[in-house]
Every structure is written in structure tokens, then in C-alpha cells.
Amino acid sequence: MRPPISGLRPNILENACWQCTQRALLRQQVTPRPKFQRFFTKPSLSRASAATVTPLPHQRFRAGYFLSNSLLARVNGSNRSQDPETPEDINNLLPHRRRQALRKLNASAVESSSGSDAPTANLPLDASAQLASAAARHPASSLRRSLSAMLSLSKPRLTVLVVLSAMVPYALYPVPAFLSSSALDPALAPSLSPLTLLFLTAGTTLCSASANALNMLYELDTDAKMSRTRTRPLVRRLLTTRAAVLFAVSCALAGTGALYLGVNPTVAFLGAANIALYAGAYTPLKRISTINTWVGALVGGIPPLMGWAAAAGESATADGTWRELLFASDGSSYGGWLFAGLLFAWQFPHFMPLSWGLREEYKAAGLRMLAWVNPVRNARVALRYSLVFVPLCVGLCAVGVTEWSFAVTSMPVNLWLVREAVKFYRHEGHKGSAKGLFWASVWLLPVVMVLALVQKKGMWQRVWRSVVGELEEDEEWEDEEE
């Protein structure tokens with residue numbers, strides 16, 4: 001324990017070390033110590049000084065016993081000890097300090113996502129944030145930094161979901177005599193080609209990357225205010241605005257060109273329209289009206305139409321215009337619209353609980369979402385659209401896209417979604433209901449798509465006939481006539 005110092009205000013030297021205390025004691029007429037006294041012996045006070053000193057109660061040393069870095073920073077007029085809170089401060093640090101600051105920033109972003117009820121409270125960073133962090137570790141002029149930052153602009157996980165939602169309807173398009181024995185004849189071979197699927201996949205990927213990059217360019221100021229988006233590459237200045245614009249425009253031109261040349265003009269038009277809707281309508285509307293959620297759902301429903309129109313164009317018998325591909329008179333386009341409706345409806349039970357967990361951040365950023373504008377309607381909309389999955393799955397069976405067993409096997413996951421949506425509506429997001437609905441929506445889409453692929457109309461009958469060699473009905477009649 002330090003000896004008390006008279007003549008000084010209480011607690012003024014609580015962060016001072018022993019040497020500073022010793023100097024203060026010497027100034028107060030301390031009795032001179034012997035010449036050869038050891039440096040660690042305490043100097044004795046004079047009797048007059050000792051009589052006026054009141055003993056302090058015994059207490060432990062505080063954590064700030066020695067002079068703290070914050071006090072040194074204030075004395076020196078610098079903010080060196082403060083943790084960097086902005087991406088610009090982080091980029092100016094040394095490499096090891098930058099890694100530590102990024103870990104603290106990411107941890108604080110996860111903890112600040114509206115508590116434990118938030119659906120994304122304990123989730124790791126998304127792919128875009130991870131790529132941005134990887135890009136920040138490379139030198140500013142390196143190629144790997146630029147490639148990682150550009151890949152982060154495309155929002156990889158969202159782009160993969162968009163591409164899969166286009167590929168599944170393409171694979172489910174009812175092509176006549178697919179996998180049948182007549183397909184061995186080159187003249188009667190199925191018309192779906194892997195090359196068309198390749199162009200569809202590449203073009204959809206590039207169109208999605210362009211739309212996402214334009215979205216980040218427009219929302220640069222609001223992204224910096226939200227924990228979920230503050231690690232994006234443009235917020236952290238990992239790319240220049242000019243480079244991001246060039247990336248977005250190049251992807252848009254390459255994507256629509258690949259769809260036009262490799263698939264058909266209708267699919268190319270749908271891809272270009274999706275870019276315009278996402279970047280030109282949905283993104284600006286987020287600051288204006290809550291109708292932005294419906295516009296974003298419309299954007300999500302277009303990729304299934306792209307996949308269906310691509311497959312329909314391969315087996316078109318007329319001129320192959322958009323009327324034949326999307327509004328066929330024989331009803332063959334119903335399946336594409338049902339898939340588009342499924343993806344449109346899925347956006348609401350998925351996004352409503354997600355936005356509820358981030359409602360305060362959306363409000364602070366000035367983005368008008370139902371989660372904070374009207375929480376009751378937010379829960380009601382999620383419940384309303386979760387009820388349409390059962391009739392949509394039954395409709396896919398009715399129009400001949402899948403077997404009727406698909407309506408039965410998809411029922412459990414659809415009822416699970418309805419159950420979680422009812423909880424979300426009753427509790428308005430509290431008591432873990434938002435997290436439950438979010439995860440039910442995350443699992444529902446891949447489960448429904450896989451079940452539809454496995455139970456495609458007539459697929460297993462054709463596989464059985466091609467393996468066993470069972471004759472088709474027409475061939476049986478020909479044998480009997482002979």
C-alpha cells in the first residue's frame with residue numbers, strides 16, 4: 001500500500017506508480033535518508049508531517065494502478081489507445097493490429113444484432129464479409145485483393161440461391177420421351193442440352209453479380225450504419241467506386257449477352273429486367289416505402305421463369321417467342337409460373353423474421369421495413385404467404401410437373417413453416433419465434449426443390465423401362481398387330 005500524501009486531493013494519484021509517489025513525498029519535507037540506503041526502502045516522514053496525516057483504509061490495488069494508456073493519450077493529445085471504430089481507421093493500422101481490430105469489430109457486430117432473439121445472432125459472417133476480410137489482408141495493389149473484393153461484391157451465397165432457383169425449373173420441365181428407349185435414336189433424342197444449361201447458369205450468375213454490385217454502390221452510406229453490412233468491400237474502401245461500376249456493367253453486359261446468344265432472347269430480357277428491378281426499383285424504394293419488400297419478392301420470382309423459358313425454348317415447335325415460352329396455349333407454361341409463385345411467396349416468411357431482428361438498425365439507417373414501421377402487419381404478411389405453399393405444391397402435381405406423391409412428401413415441411421409462422425404472428429417475433437420461422441424458411445426451399453427433382457413426373461417409370469427393357473404401350477400394340 002502506498003503511504004498517504006498530505007496536501008494533495010484525494011484519489012488524484014490512484015493511477016500513479018511508486019516512483020511518482022516517492023517524488024511527491026520528497027517534496028513534502030521528507031527526512032533525508034542515509035546515503036547508502038537501499039532504493040527499495042520506504043522513506044520516513046518527519047514527525048510533524050506524520051502527525052497531520054490521517055491513515056487511509058486498507059484496500060486492494062485497482063486495475064488502473066499504473067498510469068493508464070488512456071491518460072497518456074490525453075496528455076499527448078492522441079487517440080492511439082481507442083479502438084478503431086471505422087473501416088478507415090482499421091485500414092491504417094499495422095497488419096497484426098488490423099487483424100485484432102477486425103475480430104473485435106466482427107464480434108461486436110454479431111453481439112449487436114438485437115439480442116438473442118435475432119435470427120442471425122449467433123451466425124458466422126456471410127461469404128461476402130469473409131471475402132472482404134480476406135481481401136483486406138492483402139496489399140492494396142495485389143491482384144488477389146482485387147479479385148476477392150470483386151467476388152465479395154457479387155454476394156456469393158445469394159447468387160448461388162438465384163442460380164439454383166433457375167436450374168431446378170429447367171431440370172423439371174416435362175420433356176417428352178426423356179430417358180426412354182427412343183432417346184437412343186439421334187433424331188428423337190431429348191432436346192434439353194447441357195450447353196444450354198451452361199449458358200443459363202453462367203448468364204444468371206453474371207446478372208445476379210451485376211445487380212448485387214449496383215445495390216452496394218447505391219447503399220454505401222446505409223451499409224456503413226448496419227452491423228450486417230458494414231464489412232462490405234465498398235464500405236471498407238477495398239475497391240474504388242470506378243472499379244465497382246466497371247465490374248457491375250461488365251457483368252451485366254456479359255450475362256445478358258450469354259443468355260441471348262446461348263439460350264434465347266426471352267431469357268435474356270428476363271435477366272436484364274431482373275437487374276433493372278433489383279438495382280433501379282427495389283434498392284431506391286427501401287428508403288421510400290415498405291412496398292420495397294414486394295418488389296424484392298418479384299425479383300426473386302423471375303429466375304424460375306428464366307429456367308422454365310430456357311427449357312421451353314429448347315423444345316419449342318413454333319417461332320419460340322415469349323408468348324409461346326411463357327403463355328403457351330396448351331398449358332405447358334403453368335409449371336414455370338407455379339415455381340415463380342413459390343419463390344415469390346418464400347421471400348416473405350424468410351425476410352420478415354430476418355428484418356425483425358435488425359429492425360432498430362433498419363430504422364437508424366432510414367430504410368423503411370415493416371419490421372419497425374408496422375410490426376403487427378410484418379408478422380401477418382409472413383403468416384399469409386406461408387399458407388400458400390401447400391396449394392402451390394399440389395398445383396405442381398396437378399399440371400403434370402411432379403408425381404402426386406410430391407404433395408404428400410412436401411406436406412411436413414410446409415406444415416412446419418405454417419406452425420412457425422403462427423408462432424411468429426402470435427408473439428410478434430419475441431420468445432424465439434423469429435428465429436424459428438427464419439430457420440424453417442431456410443430449410444423449406446432446398447427440401448421442396450430436392451423432393452420435386454426426385455419425384456419428377458414419369459421419371460422413375462422411364463428409368464425403369466430403360467433399365468429393364470419393358471416395352472412402351474405403342475410398341476406392345478405394334479407387336480400384337482404383327
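Listed values, structure above:
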{"item": "Heavy atoms of Asp330: accessible area, 1.4 Å probe, square angstrom to 10", "result": "120"}
{"item": "Segment 226-241 - phi-based ³J(HN,Hα) in whole Hz, Karplus 6.51/-1.76/1.60, Gly and Pro as x", "result": "10, 5, 6, 10, 6, 9, 5, x, 6, 5, 8, 6, 7, 9, 7, 4"}
{"item": "Difference of contour (0.36 nm per residue) and Cα-Cα distance, Leu453 to Leu246", "result": "70.7 nm"}
{"item": "Potential extension, Val408-Phe327 segment - 0.36 nm per residue separation minus Cα distance", "result": "26.3 nm"}
{"item": "Efficiency of FRET from Cβ geometry, Leu253 and Arg137, R₀ 25 Å, rounded to 0.05", "result": "0.20"}
{"item": "Distance (nanometres) between label positions extended 7 Å along Cα→Cβ at Leu147 and Leu94", "result": "3.0"}
{"item": "Cross-link table Lys104/Lys435; Lys225/Lys363; Lys104/Lys155, entries beyond 19 Å C-alpha to C-alpha", "result": "Lys104/Lys435; Lys104/Lys155"}
{"item": "Label-point gap, in nm, between Lys225 and Glu360 - each point 7 angstrom along Cα→Cβ", "result": "1.5"}
{"item": "For Ala309, net neighbour charge (Lys/Arg +1, Asp/Glu -1) across residues whose Cβ lies under 13 Å away", "result": "-1"}
{"item": "Virtual spin-label span in nm between Leu387 and Trp443, 7 Å along Cα→Cβ", "result": "2.4"}
{"item": "For Thr402, distant residues with modelled amide H under 5 Å away", "result": "Cys397, Lys457"}
{"item": "Nearest-10 value in Å² for the accessible area of Trp404, using the 1.4 Å probe", "result": "140"}
{"item": "Accessible area (Å², 1.4 Å probe, nearest 10) - Arg465", "result": "80"}
{"item": "Potential lengthening between Ala281 and Tyr218 on full extension [0.36 nm per residue; Cα-Cα distance subtracted]", "result": "21.5 nm"}
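The values are calculated or read from the model by the stated rules, or taken from the named source; none is laboratory data. Just so it is clear, the structure is predicted and the values come from calculations on it, not from any experiment. Methodologically, a virtual Cβ is constructed for each residue, glycine included, from the backbone with ideal geometry; neighbour enumeration extends over all protein chains shown. Note: areas computed on protein heavy atoms with side chains; ligands, DNA, RNA excluded. Shrake-Rupley method; radii C 1.70, N 1.55, O 1.52, S 1.80 Å.
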